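I have placed the structure first, in the form of structure tokens, so that the comments after it can refer back to it.
The values are calculated or read from the model by the stated rules, or taken from the named source; none is laboratory data. Everything quoted here is computed from the prediction, not taken from an experiment. All Cβ positions, even for glycine, are placed from backbone atoms using ideal geometry, and neighbour counts span all protein chains on display.
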Amino acid sequence: HGLTTALPTALDRGEFFIEYQPLVHLGDGSVRGAEALVRWLHPQHGVLSPDRFIPLAEHTGLIVPLGRWVLEQSVRQAREWRDRHGGEALGPLRINVNLSPCQLTHPGLVQDTVEILERTGVEPDALCLEVTESALIGADDDLLKPLRRLAEMGVDIALDDFGTGYSNLANLRRLPVSVLKLDRSFTQSMQQFPADPVDLKIVEGIVSLAHSLDLAVTVEGVETGAQAEQLRLLGCDTAQGWYYARPGPPDRLHELALVDA
Ligand code: G
Ligand code: G
Ligand code: MN
Ligand code: NA
């Protein structure tokens, strides 16, 4: 239908834009970075969420140039935050960018990323690439090679939506990941305080395993202070969700970060 025909030219027309959702340190509440979330300002339909067009972009192959554009814009934005905000005490604000499985298999991924970091003067360790757990299930060495290269350079790799698929915990050891992003469903089960004892045990187990493998744990979808407190007590490191801020324009992130600087 309409979206399919409009998508190929949307990038050239400048119809995509990026919102940023803060990543907050659970220990001290400080803003440490943000996840980049792409939107499409469609001339007829208004703002479309990625769920509406990312699958289409993957299907048509546009995801490769679109993903490269998102990466470049987001890393430029991180550079701008660093220039304006400094962040000597906590380190520069970090930027998380989602990678679709098609980008993983595209041969230009490593070189594109290196070039973008060089052009912008952003350190690799200020960048985190998010890959879904399902994209890496059964991944062979060829698929993991580019991620390993990036990880060796200092880029963080996060396993997104962790815990939703058939998590193969033993498999974690061979993946070049340094962050687990715990799926929103775990946060939702922390609605009451105290939360369901079985869910508490599961999250406790995941956190303990992650930390023993030197992985940081980020939780998604935090909507209440009670959830944040529960997840902090369980040892989670970083949180993201409407309780802190909805995805928004880049200047808002800058303001949020300055408040507690
Ligand atoms: O904020 P929200 O509704 O917008 O995001 C919905 C989904 O879209 C999330 O699962 C997120 O991972 C995905 N997404 C957002 N931005 C990008 C992007 O730039 N590339 C890819 N591949 N996925 C994205
Ligand atoms: O990459 P990923 O699938 O995790 O993208 C995050 C998605 O979750 C986006 O659609 C974002 O808008 C949404 N989101 C972010 N914070 C919250 C929250 O606190 N509650 C809910 N229900 N959704 C959220
Ligand atoms: Mn994500
Ligand atoms: Na997610």
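A few comments on the model shown:
- Some residue of the range 144-162 being within 30 Å of L213 (Cβ to Cβ) and in a loop (DSSP other than H, G, I, E, B): yes
Table: residues versus (1) touching a strand residue (DSSP E or B) at 6+ places or on another chain (Cβ under 6 Å); (2) over 21 Å from L147 (Cα atoms); (3) within 16 Å of ligand 4 (Cβ to nearest atom).
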{"site": "T4", "(1), (2), (3)": "no, yes, no"}
{"site": "H25", "(1), (2), (3)": "yes, yes, no"}
{"site": "V47", "(1), (2), (3)": "yes, yes, no"}
{"site": "A57", "(1), (2), (3)": "no, yes, no"}
{"site": "Q77", "(1), (2), (3)": "no, yes, no"}
{"site": "P101", "(1), (2), (3)": "no, no, yes"}
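- Matching entry among R82, R39, R32 (being part of a strand (DSSP E or B) and at pLDDT below 95): R32
- Residue match in the range 70-77 (condition: without any contact (Cβ under 8 Å) to a residue 40 or more places away in the chain and touching a helix residue (DSSP H, G or I) at 6+ places or on another chain (Cβ under 7 Å)): no
- Residues in the range 167-192 that are assigned to a helix (DSSP H, G or I) and within 20 Å of the chain's Cα centre (by Cα): L172, R184, S185, F186, T187, Q188.
- Filtering V207, V155, V217 for residues that are within 30 Å of L48 (Cβ to Cβ), aliphatic (A, V, I, L, M) and crowded, with 20+ Cβ neighbours inside 10 Å leaves a single hit, V155.
- Residue within the range 66-77 that is modelled with pLDDT of 95 or more, under 18 Å from the mean Cα position of the chain (by Cα) and loosely packed, with under 13 Cβ neighbours inside 10 Å present: no
- Condition met for A139 (without any contact (Cβ under 8 Å) to a residue 40 or more places away in the chain and hydrophobic (A, V, I, L, M, F, W, C)): yes
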